[in-house]
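Engineer: Dumping the structure here so I can ask a few things about it.
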Amino acid sequence: MVGRKLGTAALAMLACAGLALAQEQRRAPSPPGTASTMVGGTWSAPDKEGERRYEGGKWIEVIYSRPMLRGRTDIFGKGADYGKMVNAGAPVWRAGANASTKLKTEVPLEIGGKKLAPGEYDLFVELKEGAWTLIVSTQPTQEKYDANDKTKIWGSYGYDPKFDVVRVPMKMITPQVSVEQFTIGFADMTNAGGKLAMVWEKTGGVVPFTIGK
């Protein structure tokens, strides 16, 4: 009898451990992602192993969630329905999924002729067929969804253009392959500036920026 009870307890413990492991291995349907670059630094001379270090650089980062197509096609739609699927009822696209996409910069930037001081900003995209507009905003946002919080937004629901600090047309690009997971990245980077690029499926947009002083 004692052995049977111990065996039952052991099975229960194994079942609980298996459940905990399954919960740990469960993945978000739109995994978090980061696009990063460093500017303003210098490479050191090679050490005795021949390695060099990048020193004194400062970060520019975009923190976002990365939805996947999962078999869907025409993710942005066409005509009067363009953008409706990804906007999901919001007035603009959150440039990803889940919480609002964030731009964090340790250096001053200039985008679309507007200067941005070092700090944290929201990124949105106004979607029109063949014409995307990048929006940089200072609207307060939620880190975790709270339906009772009416002063901060989640994603792009409740977006208010009065907080916009930059609105700039994006140069549209067409990838030669279908990009499964929405991707934001930095391109053509130098210490003077570069480009911020967004691509998903067979549509993308690019915006140049410069590093301020």
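Engineer: What size of dipole, in debye to the nearest 20, comes out for the chain about its Cα centre when the only charges are +1 on Lys and Arg C-beta atoms and -1 on Asp and Glu C-beta atoms?
Structural biologist: Roughly 400 debye for the chain.
Engineer: Using the per-residue mean of other Cβ atoms lying within 10 Å as a proxy for protection, in what order, highest first, do the peptides 195-204, 68-77 fall?
Structural biologist: With the highest mean Cβ count within 10 Å placed first, the list reads 195-204, 68-77.
Engineer: With a 1.4 Å probe and every protein chain left in place, work out the accessible area per residue of the chain in Å², rounded to a whole number.
Structural biologist: Accessible area per residue, the chain: 60 Å².
Engineer: Identify all aspartates and glutamates with a Cα-Cα distance to K171 below 14 Å; exclude those on the same chain that are fewer than 8 residues away in sequence.
Structural biologist: Here the aspartates and glutamates satisfying the reach criterion relative to K171 are E126, E129.
Engineer: Please turn the phi angles of segment 103-108 into ³J(HN,Hα) values with the Karplus equation 6.51 cos²θ - 1.76 cosθ + 1.60 (θ = phi - 60°), one per residue in order, whole Hz, x for glycine and proline.
Structural biologist: Computed from phi, the couplings for segment 103-108 are 9, 10, 10, 9, 10, x Hz.
Engineer: While we're here: With r defined as the distance between the Cβ atoms of M172 and S44 and R0 fixed at 45 Å, what FRET efficiency is calculated, to the nearest 0.05?
Structural biologist: After rounding to 0.05, the efficiency reads 0.65.
Engineer: Go through K78/K195; K128/K213; K58/K213; K115/K152; K115/K202 and tell me which ones have a Cα-Cα distance over 22 Å in this structure.
Structural biologist: Checking Cα-Cα distances, K78/K195; K128/K213; K115/K152; K115/K202 exceed 22 Å.
Engineer: Any idea what angle helix 2-25 forms with the longest principal axis of the chain, computed on alpha-carbon atoms, 0 to 90 degrees, nearest 10?
Structural biologist: Compared with the principal axis, the helix lies near 10 degrees.
Engineer: State, to one decimal in nm², a quarter of the convex hull surface area for the C-alpha atoms of the chain, i.e. the direction-averaged projected area.
Structural biologist: It is 20.1 nm².
The values are calculated or read from the model by the stated rules, or taken from the named source; none is laboratory data. Note that the structure is a prediction, hence the values are computed from the model and not measured. Neighbour counts run over all protein chains shown; Cβ positions are idealised from the backbone, glycine included. In case anyone asks, the SASA skips ligands and DNA or RNA and just uses the protein heavy atoms, side chains included. Shrake-Rupley method; radii C 1.70, N 1.55, O 1.52, S 1.80 Å.
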